[in-house]
Every structure is written in C-alpha cells, then in structure tokens.
Amino acid sequence: MNDIMKRTWLGYARKNGKKGIRNRLLVIYTVKCAEHVARQIVERSGSDDVELVGFDGCTDNQYAVNQIISLIRHPNVGAVLAVGLGCEYMQPEWLAKIAVEEEKPADWFFIQNEGGTQKAIDRGLKWIGRTLEELKHTTRVEMGFSDLVIGAECGGSDYTSGLAGNVVVGRFFDRLVDAGGSAVFEEIVEAIGLDWFLTSRAADEKARAELQHTYDKALDYCRHARQYSISPGNFAGGLSTIEEKSMGAVVKSGTRPIQGVIKVSCPPPHPGLWLLDSTPDPYFMDFGITNPSDNEGLMDLTSIGAHIVFLVTGRGNVVGNAVAPCIKITGNADTYARMIDDMDFNAGTTLDGSMSLAESADALAAMAADVASGTPSKSEALGHKEFHILYKYQHKEVLPCES
Amino acid sequence: MTKKQTAFVIERADTVATALEALEPGEVQLLGDSPVPSITAVTEVPKGHKIALRDIPAEENIIKYAIPIGRATADIPAGSWVHLHVMRSNYDERSSHLDVRTGAPKDTKYE
C-alpha cells in the first residue's frame with residue numbers, strides 16, 4: 001500500500017461506531033408545504049454546516065421515508081431538525097426519534113402548532129443556534145481510508161468518460177478496496193450486455209446470484225420501457241451502442257471482486273466493492289422512473305452511507321450534493337479548463353500522456369483524503385447542496401423472498 | 001499531411017480506436033495499448049468517434065474494451081469511420097433509427 005492510502009485525519013465519532021467527515025445539522029421538511037419555513041431556517045442560520053433536505057409529497061412512500069431515515073443515520077450528520085406542516089403523512093416526530101436513538105441532538109415541530117411561518121422560523125433558528133454550539137463538542141476520532149465509503153456515478157458523459165474519467169476512478173477504487181475501505185458503483189442500466197463480466201467478478205455464489213438477478217431486472221426494465229440509458233448527445237459524441245457506453249461506465253468499478261448488490265438506503269454489510277441497485281422493483285404502478293437526474297443518483301449513493309460521492313462528467317455537470325461532499329471528475333481537459341471553478345479533478349492528463357494512470361489515481365486519492373480532512377470540494381465551496389428524493393417502489397431485499 | 005492527429009486504443013484486442021480530435025484522411029498516431037504505432041485514416045472521423053483498425057466484415061462483432069460493443073451491418077474498411085451507419089447494438093433496437101451525425105430520433109413524430 002502506498003503512503004497516500006495510509007493517510008489519516010480526524011473524523012466525528014458516531015454512536016453506531018461509524019465515523020463522519022462532516023458534522024452537518026440537517027433540516028428536513030416532511031412535505032412541500034413546509035419547505036419554505038425549513039429553507040428560511042437553513043438560509044438564516046448563517047452556517048454552511050446547516051443543510052436542507054426534504055420530501056415534497058403529502059402521501060408518503062416507503063422508499064422516500066427509508067431514504068430520509070438513511071440521511072438521519074448518515075455518519076456526516078450530527079443533528080436533525082424535522083419541520084412539518086401538520087397534516088401530511090410523513091411524521092417529523094418519528095424522524096426526530098430516530099435521530100435521538102442515534103444520540104444525535106434532534107427537535108421537531110409542526111408549523112400549524114407553532115402559529116405560522118414567522119414563529120416556526122424563530123423556533124427553528126433558536127434551536128439551531130444552541131445545537132451548533134453543542135456540535136462543537138462532538139468527539140473527534142482518527143480515521144483513514146479503511147473507514148471510508150465512497151460512491152461513484154457518471155453524468156453528462158462524453159467519449160472521455162469511458163477512456164479516462166471512469167478508468168481513473170476504477171484504479172482508485174482498487175486501492176480503496178485494498179486499503180480496507182468500501183467502494184460503491186451504480187447504474188446497472190448502464191451494464192447492458194455485461195452480465196457475464198459482472199458475474200465473473202462475483203466474490204461468491206450469493207453475490208453471483210444477486211448480480212444476475214439485478215442485471216435481469218434492469219434488462220427487463222429497459223425492454224419494457226423500450227429505452228436504454230443512452231441519449232442523442234451520447235450518439236453525437238461518438239458512442240454507437242448501449243454496450244459501448246456500458247463498458248465505459250462499468251470500468252469505474254475497477255477490477256476487484258464484487259461483494260454483492262445493495263439496495264437504496266441499505267449500507268454495505270462489510271467493506272469491499274459493491275453494486276448499488278437503484279432500479280425500481282416491478283410494481284402495480286409499473287416500474288416508475290430509474291434515475292431521473294444526476295442528483296437523484298448522488299442521493300442514492302449518499303443513502304447507503306457514502307462519505308464522499310464522485311461524479312464523473314465529461315461534458316461538465318455543475319451540481320453538488322447534500323450530506324456527502326461531491327468530487328467532480330472530468331476526463332475532458334477542455335471541460336476542465338473551461339469550467340475550472342466547478343471541476344475538481346482532471347483525469348484528461350492520462351489521455352495526453354502527461355500523467356500515468358497510477359499517478360492520476362494517486363492524485364485522486366490525495367484529493368479524497370483532503371476532502372475527508374475538511375477541505376471543501378468545489379461544489380461545496382460554491383454552495384451546491386442539491387438533493388432529489390422521489391416516489392419510487394423498491395424493497396430492501398435484493399433477491400425475491402422465497403414463499 | 002502536416003497536422004498531427006491521434007486516436008486512443010484501449011485494449012490490444014480492439015478493432016476500433018477513439019479519435020482524440022477530428023480526423024482527416026491521412027496518418028493517425030495510435031496512443032494507448034496499440035500493437036501498431038499508426039494507421040491511415042481513409043475517411044473523416046469526428047472527435048470522440050471510432051476509427052476501424054482493420055477491415056471488419058458485415059455481421060462481425062466490433063471489439064472495444066476487448067468486448068463486443070455491437071456488430072457490423074456492412075463491410076467496414078480499415079481506417080474508416082465506425083458509427084450507426086455501419087454498426088448496430090445487439091440489444092437496443094431503437095438506436096439503429098437515429099440520425100448518424102446528431103443522434104436525434106427519427107422515429108418520433110413532430111406533427
């Protein structure tokens with residue numbers, strides 16, 4: 001193991017034994033009607049560590065509730081304020097209770113009970129002022145790559161994503177796994193034609209069955225929708241088939257054995273390389289939508305406990321992510337130069353020969369360690385804290401239950 | 001031809017390379033894991049698109065990343081542009097009906 005992978009830094013100790021790289025105070029709205037109050041509380045708090053997430057629908061959805069709970073339990077979150085209107089399905093009191101069980105300071109209220117917008121904002125701000133003081137005393141603990149979970153997805157891909165961006169991530173993921181950490185990749189709908197390749201890398205028979213089942217489900221989904229995960233922009237950029245795009249996407253998983261498949265909001269049971277399945281399960285309302293945006297994909301990776309999320313983007317997406325800092329990687333040197341304020345990492349150096357793949361993976365590891373140590377990623381510094389939580393139908397089990 | 005042009009070969013077994021800039025007919029230097037240092041382009045190839053590294057007969061699989069990424073729908077001469085006009089997916093029906101340059105769908109009606 002090289003020296004970069006031995007780096008350590010101070011994290012935040014959590015009751016469940018995990019360690020966080022940020023100490024966020026999460027303000028959660030439980031219905032669109034409560035969003036304005038929650039957003040005002042976040043904006044007026046004056047702290048970059050106070051972040052907003054929420055669910056828009058009044059009717060709740062198990063998938064969305066699971067995802068909100070996964071963020072409450074996330075190691076980067078130190079405290080939770082749940083803001084409800086007062087007549088919705090999702091229950092802020094129960095969300096606050098889960099935070100308390102995790103020994104995280106928590107509060108909740110209904111805007112209707114507080115007497116309206118202004119009084120609710122005042123109450124929230126008062127609680128946040130006190131709680132931010134309390135968070136200064138969170139126990140710090142040494143952590144390293146073996147404690148880290150890193151998730152990767154691509155968005156706004158071009159021909160460089162499969163030649164450089166994803167290739168460098170794959171090489172780094174090999175190192176992360178060898179260092180005892182956890183690496184998670186998603187987008188099974190971008191592994192079309194590659195079931196043999198994925199199953200050949202399964203760590204054991206159970207992992208093999210999970211990978212085959214998840215692949216078959218994704219292929220069914222694409223056939224059903226008569227649409228594969230490839231767009232006019234991809235074709236214009238030189239990709240000719242979904243198989244070609246798929247291999248360029250799967251290459252970000254590196255070369256280590258795949259331990260199995262995890263579903264959204266379910267943390268990996270042990271370290272190593274994992275596939276995250278974000279495809280909806282078959283349901284009476286049909287399949288629903290798989291990944292409607294890059295932000296939804298990043299949220300899925302955050303929901304399984306990723307401390308940091310990688311977004312590989314050849315064309316140059318600008319987004320960030322709530323809870324887990326986003327590192328944006330481009331394999332396109334022109335995109336890097338043009339969008340230097342947004343792009344964190346230039347993997348294009350491996351294409352022009354100025355850096356070897358090993359050197360580039362080292363540089364990415366150093367950047368991940370810096371961000372884990374507290375250095376803001378570019379999207380963090382710019383205030384990008386997007387989230388996207390939607391209605392979806394997916395259960396937690398990977399393989400169908402035998403009945 | 002004085003302009004230096006390059007294409008990237010990912011795996012030795014590949015039958016196509018990716019153009020790192022727009023290619024014109026003439027010599028193309030091959031970077032990455034190529035068994036040969038160069039190839040002669042016989043057509044224009046847009047940036048990011050594929051160039052055939054050898055003659056590929058119709059119905060043969062196109063190899064990139066050392067795996068089949070689709071199959072030839074016509075005989076493809078070495079050094080020529082490889083895209084939707086001469087190859088198709090083994091899975092995705094719809095992509096065979098897209099505009100070869102822009103990728104725009106031609107099977108959706110705008111009326």
Could you check region B:1-17 and list, in sequence order, the residues that are buried (at least 18 other Cβ atoms within 10 Å of the Cβ), over 13 Å from B:Ala41 (Cβ atoms) and among the β-branched types (Val, Ile, Thr)? B:Val9, B:Ile10, B:Thr15
Flag if A:Glu359 is open to solvent by 10 Å² or more (accessible area, probe 1.4 Å), outside any loop (DSSP other than H, G, I, E, B), of a type in the set (D, E, K, R) and touching a strand residue (DSSP E or B) at 6+ places or on another chain (Cβ under 9 Å): no
Matching entry among A:Val100, A:Val167 (being away from every other protein chain (no Cβ under 14 Å), open to solvent by 10 Å² or more (accessible area, probe 1.4 Å) and among the aliphatic types (A, V, I, L, M)): A:Val100
Does A:Ala368 satisfy being in contact (Cβ under 8 Å) with a residue 60 or more places away in the chain, assigned to a loop (DSSP other than H, G, I, E, B), farther than 30 Å from A:Ala236 by Cα and open to solvent by less than 20 Å² (accessible area, probe 1.4 Å)? no
Residue among B:Ala74, B:Ala66, B:Ala22 that alone is in contact with a strand residue (DSSP E or B) (Cβ under 8 Å, 6 or more places away or on another chain) and not β-branched (Val, Ile, Thr): B:Ala22
So, in region A:305-316, how many residues would count as being crowded, with 24+ Cβ neighbours inside 10 Å and over 17 Å from A:Val371 (Cα atoms)? 2
Look at A:Lys19 and say whether it is open to solvent by 20 Å² or more (accessible area, probe 1.4 Å) and either more than 19 Å from A:Asp300 (Cβ to Cβ) or not assigned by TED's automatic domain parsing to the domain that holds A:Pro325 (or both). yes
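One line per residue, one yes/no per condition, for (1) aliphatic (A, V, I, L, M); (2) touching a residue at least 24 places away in the same chain (Cβ under 8 Å); (3) in contact with a helix residue (DSSP H, G or I) (Cβ under 8 Å, 6 or more places away or on another chain):
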residue: B:Ala7; (1), (2), (3): yes, yes, no
residue: B:Gln29; (1), (2), (3): no, yes, no
residue: B:Glu44; (1), (2), (3): no, yes, no
residue: B:Arg54; (1), (2), (3): no, yes, no
residue: B:His85; (1), (2), (3): no, no, no
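The values are calculated or read from the model by the stated rules, or taken from the named source; none is laboratory data. These numbers were taken from a predicted model, which means no experiment stands behind them. Because the Cβ atoms are built from the backbone with ideal geometry, glycine has one as well, and the counts that use them run over all protein chains shown. Areas reflect the complete protein model, heavy atoms only, side chains present, ligands, DNA and RNA absent. Shrake-Rupley method; radii C 1.70, N 1.55, O 1.52, S 1.80 Å.
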